Amino acid sequence: MSAVKRAALTAAMILCASGAHAQDISDAGLLVWGGKLERLEYRFGDEGERVAAYEGDAFVGNDAIKFRWEGEGEYDLDEDVLEDFENQFVAQVPISTFFDAKAGVRFDNPDGPDRVFGVIGLHGLAPQWFEIDADAFLSQEGDISGRIEAEYEGLITQNILLVPSFEAEFGLSRDRATGQGAGLRSIEIGARLSYDLLERNIQPYIGVHYEHLFGGTRGLARAEGGDTETLFAVAGVRLAF
């Protein structure tokens, strides 16, 4: 693992381990920090594939500005290889009642060479309380890409939640070295049914997760003998700190 990846992972773990706390700072108002693992899960594919995956974030800041780590990764248990490892470090400022703007950097260790990106984006709540993340990326190779994510927490009872999610990635150019084509690259659709064990801090869940590749990305995956669509059954837990 390179020095950049070690530093990114260490910073992320320190932020997550810090927990959620607050203290008064005279010149900046209330300082808050916390973290969560949105997903820590095992996926079992329709053709026997086995994947371990996580997605989480941590922050520190106040009402005027927050500094945030966002990360996700996937580990192929059959091939014993890290397929995806992404870390974002961004500054986030409010631009309306429900939305923040963010900017920073992203470090990737995909199945291929490492990539570093500049990041700008929006994070917030759309009408009907959909949580939205929309990001644009510029890599050190000049590749422009984007991603939009949407998630909704639907209460079935006071303790049982159904969380549907959607993610789409697209690019304006091809990055053959990392298996990414131009245009719409992929979508991921999921639904997870969770049970609240401790005030939204611990939530075990089960569900389904579907991935589908498109266009040039699909063609590059086929050329390498990889999967172009997979349906997973998932089991995992959400943790908030």
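Quick one: is Val51 over 28 Å from Tyr210 (Cα atoms) and touching a Lys or Arg at 6+ places or on another chain (Cβ under 9 Å)?
No, not satisfied.
Given the condition under 20 Å from the mean Cα position of the chain (by Cα), in a strand (DSSP E or B) and over 24 Å from Gly179 (Cα atoms), answer yes or no: does some residue in the stretch 70-88 qualify?
Within the stretch 70-88 (the criterion being under 20 Å from the mean Cα position of the chain (by Cα), in a strand (DSSP E or B) and over 24 Å from Gly179 (Cα atoms)), the answer is no, since none of the residues qualifies.
Can you pull out every residue in the stretch 88-113 that is modelled with pLDDT under 95, buried (at least 19 other Cβ atoms within 10 Å of the Cβ) and among the polar types (S, T, N, Q)?
Passing the criteria: only Asn109.
Test of understanding: among Arg192, Arg200, Arg174, which residue is of a type in the set (Lys, Arg), crowded, with 16+ Cβ neighbours inside 10 Å and under 23 Å from Asp57 (Cβ atoms)?
Answer to the selection: Arg192.
Residues of the stretch 71-87 being out of contact with any helix residue (DSSP H, G or I) (no Cβ under 9 Å at 6 or more places or on another chain) and surrounded by 13 or more Cβ atoms within 10 Å (Cβ to Cβ), which ones?
Glu72, Gly73, Glu74, Tyr75, Asp76, Leu77, Leu82, Glu83, Asp84, Glu86
Consider only pairs whose beta carbons are under 7 Å apart and that are at least six residues apart or on different chains; among these, list those whose first residue lies in the stretch 70-98 and is of a type in the set (Phe, Trp, Tyr) and whose second residue is modelled with pLDDT under 90 and part of a strand (DSSP E or B).
Cβ pairs passing all conditions: Tyr75/Leu82; Tyr75/Glu83.
Is it true that some residue in the stretch 49-58 is more than 20 Å from the chain's Cα centre (by Cα), surrounded by fewer than 16 Cβ atoms within 10 Å (Cβ to Cβ) and not in a strand (DSSP E or B)?
Looking through the stretch 49-58, none of the residues is more than 20 Å from the chain's Cα centre (by Cα), surrounded by fewer than 16 Cβ atoms within 10 Å (Cβ to Cβ) and not in a strand (DSSP E or B).
The values are calculated or read from the model by the stated rules, or taken from the named source; none is laboratory data. All values reported here derive from a predicted model rather than from experimental measurement. In this analysis, Cβ positions are derived from the backbone assuming ideal geometry, glycine residues included, and neighbour counts consider all displayed protein chains.
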